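Asker: Have a look at this one.
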Amino acid sequence: MKASNELRNILQNSDNIVFFGGAGVSTESGIPDFRSAGGLYNEAYEHPPETILSHSFFMKHTGEFYRFYRDKMLYPDAKPNKAHIALATLEKQGKLKAVITQNVDGLHTLAGSANVFELHGSALKNICMTCKKCYPVEKIIQTEGIPLCSCGGIIKPDVVLYEESLDSSVMIKAMNMIYDADVLIVGGTSLNVYPAAGLITNYSGDKLILINKSKTPYDSRANMIIRKSIGETLAYATA
């Protein structure tokens, strides 16, 4: 409770906050994370998830990719949780300047956050590889096999797969937001996925706050560490 009260005081006295988050932000919405004991990467498949979610696998085994993708990567009924809502509230109050997320579920935007940097893209957007026509996620959900565009081209989710590069313009903007921030809150991420995790090295302030249930490689750099539910923590701190 003491740390949560300290966090509340920091948020009340700052108008230049940036949030950097990962899969743990959405677990309270019913979307499993990747690396915890019950996470996606600890389940057994014919191929490891890292292999299936790679560019080369998508190109060579597109049908198999989509079987996995529909089953394990799409959660159309998921709703924003307390963490998403608290961050959107902070933005509306003029305190939070940006949400930088590794997630592809679109829940920050659905909660009302406007300035969202999706480092790994969005599962809600899908693009024809031939004509570049855009399709909503319903196109993927409502079809079987490989989803095809009206032009006959293959539709690909607008997410960054393994072996693909992150959007450099999004990375630069996110880096600049972190560099200029007075307060940097990092939540729900193991900080083991690069290059995204390396972005927080651009923060040079004295209010680096980590909200994560497990240790991270950046714990020694943090000014505050909270090992509680990120939803409950942010909801309390912004109440």
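Asker: Binning every alpha carbon pair distance of segment 84-205 at 5 Å from zero, what are the percents per bin?
Answerer: Reading the bins upward from 0: 2, 10, 18, 20, 18, 13, 10, 6, 3, 1, 0.
Asker: Percent of accessible area on the chain owned by carbon and sulfur, 1.4 Å probe? Mind dumping the intermediate values first?
Answerer: Working: 6020 of 11510 Å².
Of the solvent-accessible surface of the chain, carbon and sulfur hold 52 percent.
Asker: Of the residues 153, 24, 106, which exhibits the maximal mean-square fluctuation in a Gaussian network model of the chain defined by a 10 Å Cα contact cut-off?
Answerer: Greatest mean-square fluctuation among the candidates belongs to 153.
Asker: Which of 156/213; 72/133; 79/207 have a Cα-Cα distance over 28 Å?
Answerer: On the way: 156/213 34 Å; 72/133 25 Å; 79/207 30 Å.
Pairs exceeding the cut-off: 156/213; 79/207.
Asker: Another question, if that's okay. If you take all C-alpha pairs in the chain, what percent of them are over 34 Å apart? Let's see the in-between values first.
Answerer: Working: 4795 of 28441 pairs.
More than 34 Å apart: 17 percent of the Cα pairs in the chain.
Asker: Which order do the peptides 125-135, 229-239 come out in when sorted by mean C-beta neighbours inside 10 angstrom, highest first?
Answerer: On the way: 125-135: 14.7, 229-239: 20.3.
Top to bottom by mean Cβ count within 10 Å: 229-239, 125-135.
Asker: Leaving out ligands and nucleic acids, and using a 1.4 Å probe, what accessible area per residue does the chain come to in Å²?
Answerer: 48
Asker: Hey, another quick one. How many percent of DSSP beta bridges within the chain run antiparallel, rounded to 5?
Answerer: Details: 9 of 30 bridges.
In the chain, approximately 30 percent of DSSP beta bridges are antiparallel ones.
Asker: Run lengths n ≥ 4 of DSSP H only: what is the helix-derived mean residue ellipticity at 222 nm for the chain, with -39500 (n - 2.57) per run over all residues, to the nearest 500?
Answerer: Values: 9 runs with 75 residues, N = 239.
Rounded to the nearest 500, it is -8500 deg cm²/dmol.
Asker: For 120, 47, 108, 61, write out the residues from largest to smallest accessible area, computed with a 1.4 angstrom probe and no ligands counted. Could the numbers behind the result be given before it?
Answerer: Details: 120 35, 47 60, 108 5, 61 90 Å².
From most accessible down to least: 61, 47, 120, 108.
Asker: Across 10 Å bins from the origin, how do the percents of Cα pairs in segment 55-139 run, short distances first?
Answerer: Reading the bins upward from 0: 16, 41, 28, 13, 2.
Asker: Continuing with this model, one more query. Pull out the extension gain between residue 169 and residue 67, defined as 0.36 nm times the separation in residues minus the alpha carbon to alpha carbon distance; nm, one decimal. Walk me through the numbers before you get to the answer.
Answerer: On the way: separation 102, 0.36 × 102 = 36.72 nm, distance 3.13 nm.
Extra length available between residue 169 and residue 67 comes to 33.6 nm.
Asker: What is the packing order of peptides 91-102, 195-206, taking the mean over residues of other C-beta atoms within 10 Å and listing the highest first? Show your work: numbers first, answer last.
Answerer: On the way: 91-102: 21.0, 195-206: 15.8.
In decreasing order of mean packing, 91-102, 195-206 become 91-102, 195-206.
The values are calculated or read from the model by the stated rules, or taken from the named source; none is laboratory data. Keep in mind it's a predicted model, so treat the numbers as computed, not measured. Note that each Cβ is placed from the backbone with ideal geometry, even for glycine, and that neighbours are counted across all protein chains shown. Surface areas here come from the heavy atoms of the whole protein model, side chains and all, with no ligands, DNA or RNA. Shrake-Rupley method; radii C 1.70, N 1.55, O 1.52, S 1.80 Å.
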